[in-house]
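Q: Quick one: the structure is below, and I'll ask about it shortly.
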Amino acid sequence: MRKALGYICYLIMLAADGAAAYYTYCAYSQKISYDLGLLIFTPVFIVSYWFATFFGQLMHPIGHRPLIHQGFYTFLYWLSTILSFALIGFWVYLFIDRSLYVNFGVEVSGNATHGA
């Protein structure tokens, strides 16, 4: 039962990461606004992190025998970690590209917003 619950947690985590990636793409392609994309991404990413934590605790409990082979657990763990870091890194790029330039008086296209 514990192993099945761990796999369910991992699948929910992958689904949440997929949803986060979809909304990241929508914000990047400007189908939705940057602000709305960030507002949707943040709670979805938190849910993904929670389920990744649940997966780790269920499959590899501290002080007990792991339920799956150590190599397979390590592969799944690093796959989710790399996916999460890629999503966060892309949002840092979007922040710099969409928000930071506008705040410093430069539009996304690179043209100055004020006359010289």
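Q: Being buried (at least 17 other Cβ atoms within 10 Å of the Cβ), farther than 15 Å from residue 55 by Cα and either of a type in the set (Gly, Ala, Ser) or modelled with pLDDT of 90 or more (or both) is the filter here, so list the residues in the range 71-83 that pass it.
A: Hits for the range 71-83: nothing passes.
Q: Sticking with this one: Only one of (1) under 25 Å from residue 96 (Cβ atoms); (2) outside any helix (DSSP H, G or I); (3) in contact with a helix residue (DSSP H, G or I) (Cβ under 8 Å, 6 or more places away or on another chain) fails for residue 68. Which number is that?
A: (1)
Q: Could you please find all residues in the range 8-44 being β-branched (Val, Ile, Thr) and outside any helix (DSSP H, G or I)?
A: Within the range 8-44, 32 is the sole residue that qualifies.
Here's the yes/no breakdown for (1) touching a helix residue (DSSP H, G or I) at 6+ places or on another chain (Cβ under 9 Å); (2) under 18 Å from residue 81 (Cβ atoms); (3) not aromatic (Phe, Trp, Tyr):
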residue: 10; (1), (2), (3): yes, yes, no
residue: 15; (1), (2), (3): yes, yes, yes
residue: 24; (1), (2), (3): yes, yes, yes
residue: 29; (1), (2), (3): no, no, yes
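Q: Further, regarding this structure: Out of all the residues in the range 1-22, which are more than 15 Å from residue 77 (Cα to Cα), buried (at least 16 other Cβ atoms within 10 Å of the Cβ) and either in contact with a strand residue (DSSP E or B) (Cβ under 6 Å, 6 or more places away or on another chain) or in contact (Cβ under 8 Å) with a residue 60 or more places away in the chain (or both)?
A: Those that are more than 15 Å from residue 77 (Cα to Cα), buried (at least 16 other Cβ atoms within 10 Å of the Cβ) and either in contact with a strand residue (DSSP E or B) (Cβ under 6 Å, 6 or more places away or on another chain) or in contact (Cβ under 8 Å) with a residue 60 or more places away in the chain (or both): 20, 21.
Q: Follow-up. Please go through the range 84-95 and pick out each residue that is modelled with pLDDT of 85 or more and either touching a Cys at 6+ places or on another chain (Cβ under 9 Å) or not polar (S, T, N, Q) (or both).
A: 85, 86, 87, 88, 89, 90, 91, 92, 93
Q: Just give me the residues in the range 15-33 being of a type outside the set (Ser, Thr, Tyr) and modelled with pLDDT of 90 or more, in sequence order.
A: Correct list: 15, 16, 17, 18, 19, 20, 21, 26, 31.
Q: Next question. Starting from the range 87-101, keep only residues that are surrounded by 13 or more Cβ atoms within 10 Å (Cβ to Cβ), then list their pairs with residues that are of a type in the set (Val, Ile, Thr) and modelled with pLDDT of 75 or more whose Cβ atoms are within a distance under 7 Å, requiring at least 6 positions of separation or different chains.
A: Partner pairs satisfying both residue conditions: 87/24; 90/24; 91/24.
Q: Looking at this structure, is residue 36 farther than 15 Å from residue 81 by Cα, aliphatic (A, V, I, L, M) and modelled with pLDDT of 85 or more?
A: yes
Q: For the list (1) closer than 18 Å to residue 94 by Cα; (2) buried (at least 16 other Cβ atoms within 10 Å of the Cβ), I need the number of the one condition that residue 25 fails.
A: Going through the list (1) closer than 18 Å to residue 94 by Cα; (2) buried (at least 16 other Cβ atoms within 10 Å of the Cβ), residue 25 breaks only (2).
The values are calculated or read from the model by the stated rules, or taken from the named source; none is laboratory data. Quantities reported herein were computed from a predicted structural model and do not represent experimental measurements. Neighbour counts run over all protein chains shown; Cβ positions are idealised from the backbone, glycine included.
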